[in-house]
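Here is the structure we will look at.
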Amino acid sequence: MSWKNYFSTSVGKKLQMSLTGLFLILFLIVHCYINAQIFYNDGGERFKEAAHFMGTNAVIRTIELGLFGFLILHIVQGLMLWSKNRSKRTVKYAVSAGNATSKWYSRSMALLGTLILLFLIVHLKAFWGPNRYSQTFGAGELDLFTMMRDEFQNIVYVVIYVLGCLSLAWHLVHGFFSAFQTLGLGMNKYKGMIKTVGIAFSIIVPFIFALMPIAFYLGWIS
Amino acid sequence: MEHYHMNLTLKVWKQKNKNERGRFETYQVKNISSEMSFLEMFDVLNEQLIAEGKEPIAFDHDCREGICGMCSMYINGRAHGPWHHTTTCQLHMREYKDGDTIVVEPWRANAFPVIKDLVVDRQSFDRIIQAGGYISVNTGNAVDANALPIEKHAADESFASAACIGCGACVAACPNASAMLFVSAKVSHLALLPQGDPERKIRVVNMIEQMDKEGFGSCTNIGACEAECPKGISIENIARLNREYLGAVLDGGSQNAI
């Protein structure tokens, strides 16, 4: 069987979701690590250094292109699978099982993903977009640390960020295990470990992310 | 356990044929014994309807001992009712109290069109089996038992997957109407045994191709199938199916000419 045939079947499409999802999980680790430098509370020195590297290094910038490619594939394929799956039951049940047989967040991946996408638009527009624009057409790199500090004085942004992180957390609780299950690693030997690591990851990473706007807002970081 | 009688209101899906739009009909049944099975309660209702000169409700049933997989009823939002690891015939009326209202629907999936009332057409499953759920063996003398060594663990796992009765509860319970639990059970029970090994790659490729053709959805790993399976088939089998399928595409060997 060719790879082309493989990736066009329902199982192949799920593997696309799994691999792109795992790549995005790796991205989250790097993003979280870099941004957590603000907690040194050194006026953003270490953060600026790390952000400068991430924003200018050729290898990182190349991987960034891949990241966008995978992100778009994850979003488009995810929404297409969601709409296709919905079309498989034209006459709906009058009574549904609700949470008796499955978790709400596992059934709501498309909704949670869409919320994350909406958050991402706000997020990219606030930081990544202006910075890359300035790098390409203007006065070079922007001071992202100061931008963060200013942005998060606004409670509306803080709330949007915290809600975005919450959506991410619930998306990850199911997505982390699901990615490994689709890869074929969901056998009982690993299931417990994957689920435990997945839940820990889903709590820790979004928590650290959410802490950033809160810390700025409450003046813990100056 | 205390034996009691109850009166119930039933809302049952009535549909003349595949093409007609169905609707719910409400029925009252009286004096139902708590010791009856759910299907026996339906027998009482149908007797009552026949006596009244009305058309009885069509529903599938055969063995009434939990192994045929025919009794496809979606009861109050649950495939085969609320009990764990049971088919509809194994669900007993002691689950219900006097005055309860029970909503009974057929399996709903485009791949399982309604034939009449609660009876659905599950031939899509048969076609998936025909696509690869078998082993090709030339006829001849029966081979001696134990001539082929099989590891105990593999035999047990294979047997657990072979417990699938093809009832379709997994499809019915899945929000995507996915048949992955069924297909994974069928692929697993053959892939784990030496007899199934020679054709394992072409089998998984063909069965998944057929599954997609029949209009089942894809698996989102939510696990509702496993929760509703009357035979306790684990979604571990779906992981195995994914591995088998990945193995089939990664392999460049003889079975690759698919």
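FYI, it's all coordinate maths here, none of it is from the lab. Note that the structure is predicted; figures quoted are calculated from it, not measured. Positions of Cβ are backbone-derived with ideal geometry, glycine not excepted, and every protein chain shown enters the neighbour counts.
Net charge of the neighbourhood of B:ARG200, taken over other residues with C-beta under 13 Å away and scored Lys/Arg +1, Asp/Glu -1, is +1. Between A:TYR133 and A:LYS195, the contour length at 0.36 nm per residue exceeds the alpha carbon distance by 18.3 nm. Between B:VAL249, B:ILE222, B:ILE233, the Cα set farthest toward the positive side of the dipole of segment B:123-256 (charges on each charged residue's Cβ, about the Cα centre) is that of B:VAL249. Compared with the dominant principal axis of the Cα atoms in chain A, helix A:155-182 is inclined by about 40°.
One Cα centroid belongs to segment A:190-221, the other to segment A:143-174; the line between them spans 12 Å. Averaging the sequence gap over all C-alpha pairs within less than 8 Å and six or more residues apart, then dividing by the number of residues, gives segment A:10-117 a relative contact order of 31 percent.
When only C-alpha pairs under 8 Å and at least 6 residues apart count, what is the relative contact order of chain B, in percent? Display every interim value, and only then the final one.
Working: 457 pairs, mean separation 48.4, N = 258.
Relative CO of chain B lands at 19 percent.
Between 0 and 90 degrees, the angle of helix B:152-162 with respect to the longest Cα principal axis of chain B falls at about 40 degrees. Computed from phi, the 3J(HN,Hα) profile of segment B:139-146 under the Karplus parametrisation 6.51, -1.76, 1.60 (θ = phi - 60°) reads 6, x, 5, 5, 6, 4, 4, 6 Hz, with x in place of Gly and Pro. Here the Karplus curve 6.51 cos²θ - 1.76 cosθ + 1.60, taken at θ = phi - 60°, turns the phi angles of segment B:10-16 into couplings of 10, 10, 10, 6, 10, 8, 5 Hz, with x standing for Gly and Pro. For segment A:8-84, applying the loop criterion from DSSP together with a ceiling of 10 other beta carbons within 10 Å to the trypsin sites (Lys or Arg not before Pro) yields no site.
Taking neighbour Cβ counts within 10 Å as the exposure measure, how do B:CYS164, A:CYS165 sort from fewest upward? Don't jump to the answer; show the numbers that get you there.
Numbers: B:CYS164 24, A:CYS165 21.
Starting with the residue having the fewest Cβ neighbours, the order is A:CYS165, B:CYS164.
A simple spin-label model places the labels of A:ILE72 and A:PHE39 3.4 nm from each other, with each point 7 Å out along Cα-to-Cβ. Note on B:GLN130 and B:ARG23: their simple-model spin labels are 3.7 nm apart, each label 7 Å out from Cα toward Cβ. The angle separating the long axis of helix B:38-51 from the principal Cα axis of greatest extent in chain B is about 50 degrees. Along segment B:123-136 the Karplus relation, 6.51 cos²θ - 1.76 cosθ + 1.60 evaluated at θ = phi - 60°, assigns HN-Hα couplings of 5, 4, 5, 4, 5, 5, 4, 4, 6, x, x, 8, 10, 8 Hz to successive residues, with x for each Gly and Pro.
Compute the longest continuous run of chain B that contains no exposed GluC sites (Glu not before Pro); treat a site as exposed when its DSSP state is not H, G, I, E or B and it has at most 15 other Cβ atoms within 10 Å.
Working: sites that count: B:GLU2, B:GLU20, B:GLU35, B:GLU52, B:GLU65, B:GLU151.
Of all site-free stretches, the longest is B:152-258.
Straight-distance candidates among the aspartates and glutamates for linking to A:LYS4, with alpha-carbon spacing under 15 Å and chain neighbours fewer than 8 residues away dropped: B:GLU209, B:ASP251. With R₀ set to 51 Å, the beta-carbon distance separating A:LYS84 from B:ASN141 gives a calculated FRET efficiency near 0.55.
Using helices alone, what [θ] at 222 nm do you get for chain B, with -39,500 (n - 2.57) per DSSP H run of 4 or more residues, divided over all residues and rounded to the nearest 500? Mean residue ellipticity at 222 nm (helix-derived): -10000 deg cm²/dmol.
Suppose R0 equals 45 Å. What FRET efficiency, 1/(1 + (r/R0)^6) with r the Cβ-Cβ distance, do A:GLU49 and A:ASN154 give to the nearest 0.05? If you can, show how the numbers build up before the last one.
Working: r = 27 Å, r/R0 = 0.59.
Computed FRET efficiency for A:GLU49 and A:ASN154: 0.95.
On full extension of the chain, what length is gained from A:LEU117 through A:ILE203, given 0.36 nm per residue of separation minus the C-alpha to C-alpha distance? Before the final figure, lay out each step's value.
Working: separation 86, 0.36 × 86 = 30.96 nm, distance 1.93 nm.
The span from A:LEU117 to A:ILE203 would gain 29.0 nm if fully extended.
Within the same chain, aspartates and glutamates fewer than 8 places from A:LYS88 are excluded, and of the rest, those with a Cα less than 14 Å from its Cα are B:ASP212, B:GLU214. From the Cα gyration tensor of chain B, with a ≥ b ≥ c the square roots of its eigenvalues, which class applies: rounded if a/c is under 1.5, or else prolate if a/b is larger than b/c, or else oblate? Since a/c reaches 1.5 and a/b is larger than b/c, the shape of chain B is classed as prolate.
Given a cut-off of 18 Å, name the pairs among A:LYS14/A:LYS84; A:LYS191/B:LYS201; B:LYS11/B:LYS97; B:LYS54/B:LYS116; A:LYS84/A:LYS191 whose C-alpha atoms lie farther apart than that in the structure shown. Walk me through the numbers on the way to the answer.
Details: A:LYS14/A:LYS84 13 Å; A:LYS191/B:LYS201 25 Å; B:LYS11/B:LYS97 16 Å; B:LYS54/B:LYS116 15 Å; A:LYS84/A:LYS191 28 Å.
From the list (A:LYS14/A:LYS84; A:LYS191/B:LYS201; B:LYS11/B:LYS97; B:LYS54/B:LYS116; A:LYS84/A:LYS191), the Cα-Cα distance tops 18 Å for A:LYS191/B:LYS201; A:LYS84/A:LYS191.
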